[in-house]
Amino acid sequence: MIVSATFAVQSKGFADVIDITDKVELEVAASRVRGGLVTVFVKGSTASVSTMEYEPGLVADLQRTIEKLIPSNIPYNHDIRWGDGNGFSHIRATVMGPSLTIPFENGRLSLGTWQQIILVDFDNRPRRRDVLVQILGE
């Protein structure tokens with residue numbers, strides 16, 4: 001059985017990290033699928049989905065590391081071509097990726113104790129992000 005659902009998240013942009021674990025868990029529970037895989041996919045080319053221990057220290061560490069690896073204050077060819085100033089956002093999202101697949105059993109996500117699902121919005125402005133949840137199982 002395949003069940004698909006979508007939910008929206010409002011972000012602040014600029015590497016805003018949002019815990020979406022509860023929303024994904026709700027979609028898995030509502031599907032009534034007992035076991036299988038859930039894919040979480042953020043629509044758009046300037047946001048990503050991953051897992052981490054969602055706590056303020058690590059969120060700040062992630063944001064600082066992303067800024068070091070892919071700085072927002074250097075020229076990008078994308079910005080020269082389009083003038084929107086978010087070339088760094090596209091590169092960051094490409095490196096982290098738009099989706100994540102998580103197994104689940106007995107209707108519950110198989111996450112570690114300190115592991116949450118996060119959406120990271122890298123764009124240079126607040127955005128409404130649509131997240132597709134696709135559940136495959138029985």
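Identify all residues within the range 45-58 that are farther than 25 Å from PHE104 by Cβ and crowded, with 16+ Cβ neighbours inside 10 Å; write none if there are none.
THR46
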Problem - Scan of the range 19-44 for residues that are of a type in the set (A, V, I, L, M, F, W, C), surrounded by 15 or more Cβ atoms within 10 Å (Cβ to Cβ) and not in a helix (DSSP H, G or I), ordered by number - result: ILE20, VAL33, VAL38, VAL40, PHE41, VAL42
Exercise for the section: Within the range 64-78, identify whether any single residue is closer than 23 Å to ILE91 by Cα, modelled with pLDDT under 95, surrounded by fewer than 17 Cβ atoms within 10 Å (Cβ to Cβ) and of a type in the set (A, V, I, L, M), and answer yes or no. Expected result: no
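I'd like the full set of residues that are of a type in the set (Ser, Thr, Tyr) and under 24 Å from ALA93 (Cβ atoms), limited to the range 3-35. Let's see the steps before the verdict.
First, the residues of the range 3-35 that are of a type in the set (Ser, Thr, Tyr): 4, 6, 11, 21, 31.
Of everything in the range 3-35, those that are of a type in the set (Ser, Thr, Tyr) and under 24 Å from ALA93 (Cβ atoms) turn out to be SER4, THR6, SER11, THR21.
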Fill in the blank from the handout: Pairing a residue in the range 38-57 that is among the charged types (D, E, K, R) with any residue that is not in a strand (DSSP E or B), where Cβ atoms lie under 7 Å and the two sit 6 or more apart in sequence or on different chains, gives GLU53/TRP114; GLU53/GLN115
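The values are calculated or read from the model by the stated rules, or taken from the named source; none is laboratory data. This structure is a prediction, so every number in the text was calculated from the model and none was measured. With ideal geometry, Cβ positions are generated from the backbone for all residues, glycine too; neighbour counts draw on all protein chains shown.
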